[in-house]
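Asks: Quick one: this structure, given as structure tokens, is what I'll be asking you about.
The values are calculated or read from the model by the stated rules, or taken from the named source; none is laboratory data. All values reported here derive from a predicted model rather than from experimental measurement. When we count neighbours, we look across all protein chains shown, and the Cβ atoms used for this are built from the backbone with ideal geometry, even at glycine. Areas reflect the complete protein model, heavy atoms only, side chains present, ligands, DNA and RNA absent. Shrake-Rupley method; radii C 1.70, N 1.55, O 1.52, S 1.80 Å.
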Amino acid sequence: MVQKIDNKIKKILTEIDYKARQPLTTLSKKTGMSQQLINYYIKNLEKQNIIRGYRVILEIGKLGYFGYRVFFQLQQVTPELEDKLNTYFNDHYNVLWFVSTQGWFDLEVLIMARNDIHFDNILKEMIATWPTHLTQYTISISVINYHLNRAYLLDKKRDFVLPHFIGSEPEKEQLDDVDYKILTLLSEDARMPYFRMEKKVGLGYNAIKDRVQKLEKRGILQGYRTWIDTFKLGYKYYKVMLTFQFLGQDL
């Protein structure tokens, strides 16, 4: 069911879509609304599942990984078996995300792997686990992924700025256990306040904030996005796969 929202809510969604960790004080200055009203709107959007969560944009290349997209055609899949497949991919250590699709393919899976050999082993293991159902597939290596804001929510033309991207050459940045704990917590909730991380991380507020800022400067933390259910706002999501010929650097 499509939810009708006014321009005030669209302004809030547009602001936090790309910068989910903005404090209410900053949002208040940008939107001209009180902090209390903004907080009310956000909480209400969360209750309606229009806002489904908050996610970080991680540069997986700096963690030593490449991204591989695999588009599967599924065979002989019942609703019960589909649930089992979803659980399998959800629990798989190397799956960054996956989504059901319509059209030529039925499933898209983004796999993180250290190199082509590691990826090949992962893919073989997946097919061996579901030999009857994961039959036809196409592989696409994610070289660069650009993350753009949703200017269409306010019917605005997007100002061209260099967006956040994922796609550096793997270099395996040095991180300790505390860094990984912080990244894990932020990947679960990109708006999690620092004071809620203290017990889980074992550091104080300022120390965690300093760690996060360093991860941002190193390009590991690229940004913080709001997971918006655009279907409830009347928008459908389409992915178009294009093949270029004679692609030059001037394009």
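Asks: For the chain, with every protein chain kept in place, what is the accessible area per residue (1.4 Å probe, Å²)?
Replies: I get 64 Å² per residue for the chain.
Asks: Reachable lysines from K4, Cα under 20 Å, same-chain residues fewer than 8 places away excluded?
Replies: K43, K47, K156, K232, K236
Asks: Run the quick spin-label model on S100 and R218: label points 7 Å from Cα toward the beta carbon, then report their separation in nm to one decimal.
Replies: Modelled inter-label distance: 3.9 nm.
Asks: Could you state how much accessible area F98 has, in square angstrom rounded to the nearest 10, with a 1.4 Å probe and all protein chains kept in place?
Replies: F98 has an accessible surface of roughly 60 Å² with all protein chains in place.
Asks: Taking only DSSP H segments of four or more residues, each worth -39500 (n - 2.57), what value at 222 nm results for the chain once the sum is divided by all its residues, to the nearest 500 deg cm²/dmol?
Replies: Mean residue ellipticity at 222 nm (helix-derived): -11500 deg cm²/dmol.
Asks: Follow-up question, since we're still on this one. For the stretch 201-245, which whole percent of the accessible surface, found with a 1.4 angstrom probe, sits on carbon and sulfur atoms?
Replies: Its accessible area is 53 percent carbon and sulfur atoms.
Asks: In nm, to one decimal, how far is the K47 label point from the I139 one, both placed 7 Å along Cα→Cβ?
Replies: Each label point is offset 7 Å from its Cα along the Cβ direction, giving 4.9 nm.
Asks: Determine the shape class of the stretch 38-136: with a ≥ b ≥ c the square roots of the Cα gyration tensor eigenvalues, call it rounded for a/c under 1.5, and otherwise prolate if a/b is greater than b/c, oblate otherwise.
Replies: In terms of gyration-tensor shape, oblate.
Asks: Select from the stretch 1-53 those trypsin sites (Lys or Arg not before Pro) which occupy a DSSP coil region and have at most 14 other Cβ atoms within 10 Å, ordered by residue number.
Replies: Of the trypsin sites (Lys or Arg not before Pro), the ones in loops of the stretch 1-53 whose Cβ has at most 14 other Cβ atoms within 10 Å are K4.
Asks: Could I ask something else about it? Which value, in Å² and to the nearest 10, is the accessible area of V99 when all protein chains are kept and the probe is 1.4 Å?
Replies: Answer for V99: close to 60 Å² accessible.
Asks: Round to a whole number: what % of the accessible area of the stretch 1-154 belongs to carbon and sulfur, probe 1.4 Å?
Replies: 52 percent
Asks: Next question. Considering the zone a paramagnetic label at T129 would reach in this model (a point 7 Å from Cα along the Cα-to-Cβ line), which residues of the stretch 64-102 have amide N under 14 Å from it?
Replies: Once the point is set 7 Å along Cα→Cβ of T129, 82-98 turn out to lie under 14 Å by backbone N, inside the stretch 64-102.
Asks: Based only on the alpha carbon positions, what is the Kirkwood hydrodynamic radius of the chain, in angstrom?
Replies: Over the chain, the inverse of the mean reciprocal pair distance is 20.5 Å.
Asks: In addition: Under 18 Å from a point 7 Å along the Cα-to-Cβ line of Q36: which residues of the stretch 1-30 have their amide N that close?
Replies: 24-29
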